[in-house]
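*Asks:* Let me give you the structure first, and then I'll get to my questions.
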Amino acid sequence: MQSMDVKETVDRLVFAETGKHLSGIQKKVIKGICQEQSYGDISEKSSYNYKYVAGIAAELYKIISKQLGLQEKSVNYSTFISTIEAAKMRNIGSQVVNANDVNVLGNHNFNIYSNTSKSDHNDISQAEINSISNYQELLIAPKITKFYDRTSDLATLSEWILTQNIPLIAVLGLTGIGKTTLVKRFIELNHQQFEVIICRNLKFPKSLNNLLTNILNNLSDQNKSLTNIEDRLTKLFEILRQKKCLIVLDNLENIFMNGQLAGQYQPEYGDYKTLFEMTTQIEHQSSLISISQEKCREMVSLDDDLGLIKTLELNGLNDVEFLSEFRLTDRENWSKLIDLYDGNPLYLKHIGTLIKDVFSGKVSNFLNENSTLLNEDLKSIFNQKFIELSTIEQQIIFALTQPKKSFSIDDLNSCLSSPITDIADGLRSLNRRYLLKKIGENESLFTLKPLWIEYAIAKSQIFLK
């Protein structure tokens with residue numbers, strides 16, 4: 001939601017309460033909150049005193065709460081934007097509305113919206129609103145409008161988190177497979193089960209110390225007195241013990257090193273290992289979900305006998321209805337297209353758009369053009385992943401493109417000059433990145449996923465030129 005839209009909606013609410021439009025400082029405070037600036041940041045940029053800025057914000061929250069019929073403390077820094085979005089979605093302007101007309105879903109960054117009808121909203125209790133108002137620091141991501149084929153995965157997450165109280169969970173899979181969408185959908189369905197939800201996207205990662213500082217400072221101004229990472233970790237786990245919390249760290253793979261085996265931390269992000277270990281070692285009532293394209297080593301090396309760690313590895317979709325949004329024809333070929341692209345929603349989105357724009361929506365015509373299996377969009381995705389691989393992994397990928405359909409580790413040892421221990425490490429790393437397929441009764445034979453064979457053959461031909 002644009003800050004201008006927020007200001008327009010708040011202006012109507014303020015005018016209905018006071019008979020006056022927003023002042024200059026009120027507009028600056030609203031703009032700053034929309035840009036996720038702290039009161040301190042807003043104070044510096046506007047040249048107003050910190051306490052004055054905080055007071056302006058508090059007065060706005062009070063007015064909005066009163067005009068929307070919400071309990072006074074339901075609107076705060078964390079719930080401000082989502083409250084205004086919900087109000088705007090219900091066409092709330094200068095009208096005074098009942099609290100049950102607004103579904104307050106916490107921090108504005110996640111943009112989660114319920115799919116319930118208006119009559120369902122009328123059944124929301126005040127206690128539920130009070131509970132939802134505790135939500136914090138939700139992840140920046142687009143709203144889910146459609147959700148396909150993950151019923152069993154949702155059930156698994158619910159069982160692990162809500163029934164078994166598993167403290168550390170990894171949702172894993174290739175780029176675009178639907179990891180973030182699944183976790184978001186879980187939160188949409190189960191948000192009332194948590195007092196606090198903290199979601200952070202590590203696409204542009206911060207050190208753990210900076211991440212903790214940001215989270216804790218937004219939870220309470222009192223946390224600003226904490227001076228080191230040990231104190232901040234201690235405070236975080238106090239909160240995890242006292243409240244039922246859900247922490248989500250998305251794009252975790254960005255804290256790992258490129259050109260190395262999977263799951264090796266960049267030096268500046270090594271402290272995250274401590275966070276994951278503490279999550280399973282310290283008793284609390286909360287859960288941490290990491291979302292990643294590769295398996296974190298802590299998910300492998302820590303003792304899972306106590307049931308403290310779970311990994312959910314996502315496969316592709318099988319639901320052909322996913323392709324309906326691209327207005328493709330010859331529906332009888334849709335399942336072939338899904339199989340060809342491993343049911344990966346991101347891959348299928350690029351290809352579905354290509355078929356619609358270039359092949360007039362005819363899937364059969366596209367399937368007849370084998371040279372178009374990897375278009376430039378997909379090549380770019382594969383190029384980025386190839387850069388992240390270690391040298392031994394790249395060598396194994398090229399070896400697996402040879403005419404032989406499947407390879408044992410001995411087969412690879414005979415065609416590569418690297419020690420067999422390095423080959424074994426490379427195979428394990430590729431498996432942790434979800435680029436390999438294991439076959440055979442004992443899963444002792446390996447092959448690449450079909451699209452990676454296509455990519456690697458084209459890549460090797462470039463190298464040979």
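*Asks:* What is the packing order of peptides 241-249, 201-209, taking the mean over residues of other C-beta atoms within 10 Å and listing the highest first?
*Replies:* 241-249, 201-209
*Asks:* In whole angstrom, how long is each semi-axis of the equivalent ellipsoid of segment 151-237, when you take the square root of 5 times every eigenvalue of its Cα gyration tensor and sort them from largest down?
*Replies:* 28, 16, 12
*Asks:* Hey, another quick one. So how far apart, in nm, are the two label points at S418 and K438 if each is 7 Å from Cα heading toward Cβ?
*Replies:* Those two pseudo-labels are separated by 1.9 nm.
*Asks:* List the residues of segment 335-367 whose backbone N lies under 13 Å from a point placed 7 Å from the Cα of I457 along the Cα-to-Cβ direction.
*Replies:* none
*Asks:* Next question. Just the accessible area per residue of segment 337-447, please: how many Å² with a 1.4 Å probe?
*Replies:* Counting only protein heavy atoms, the per-residue value for segment 337-447 is 49 Å².
*Asks:* With all protein chains present, how much of the accessible area of segment 181-234 (probe radius 1.4 Å) comes from carbon and sulfur, to the nearest whole percent? Don't skip to the answer; put the middle values down first.
*Replies:* Numbers: 1060 of 2480 Å².
Carbon and sulfur together cover 43 percent of it.
*Asks:* At a 1.4 Å probe radius, carbon and sulfur cover how many percent of the accessible area of segment 347-397?
*Replies:* Taking all protein chains in place, segment 347-397 shows 45 percent carbon and sulfur surface.
*Asks:* Mind ordering 252-261, 375-384 by average Cβ neighbours within 10 Å, highest first?
*Replies:* Packing order, densest peptide first, comes out as 252-261, 375-384.
*Asks:* What is the P(r) of segment 193-306, as percent of Cα-Cα pairs per 5 Å bin from 0?
*Replies:* Final binned percentages: 2, 11, 21, 25, 22, 13, 5, 2, 0.
*Asks:* Shifting gears a bit: Please give the per residue volume of the convex hull enclosing the alpha carbon atoms of segment 336-465, rounded to a whole number of Å³.
*Replies:* Expressed per residue, the convex hull around the Cα atoms of segment 336-465 is 124 Å³.
*Asks:* Once you have the Cα-Cα distance between R327 and D5, take 0.36 nm times their residue separation minus that, and quote the gain in nm to one decimal.
*Replies:* 112.7 nm
*Asks:* I need the per residue convex hull volume for segment 330-388, using only the alpha carbons, in cubic angstrom as a whole number.
*Replies:* Convex hull volume per residue, Cα atoms: 78 Å³.
*Asks:* Can you give the convex hull volume of the alpha carbon atoms of segment 241-287 per residue, in Å³?
*Replies:* Values: hull volume 3.8 nm³, N = 47.
With only Cα atoms used, segment 241-287 gives 81 Å³ per residue.
*Asks:* What whole-number value in Å² describes the accessible area per residue of segment 213-304 for a 1.4 Å probe?
*Replies:* Accessible area per residue, segment 213-304: 43 Å².
The values are calculated or read from the model by the stated rules, or taken from the named source; none is laboratory data. Keep in mind that this is a model prediction, so the values were computed, not measured. Glycine also receives a Cβ, built like all others from the backbone with ideal geometry; neighbour counts cover every protein chain displayed. When the accessible area is computed, the model is the full protein with side chains, heavy atoms only, and any ligands, DNA or RNA have been set aside. Shrake-Rupley method; radii C 1.70, N 1.55, O 1.52, S 1.80 Å.
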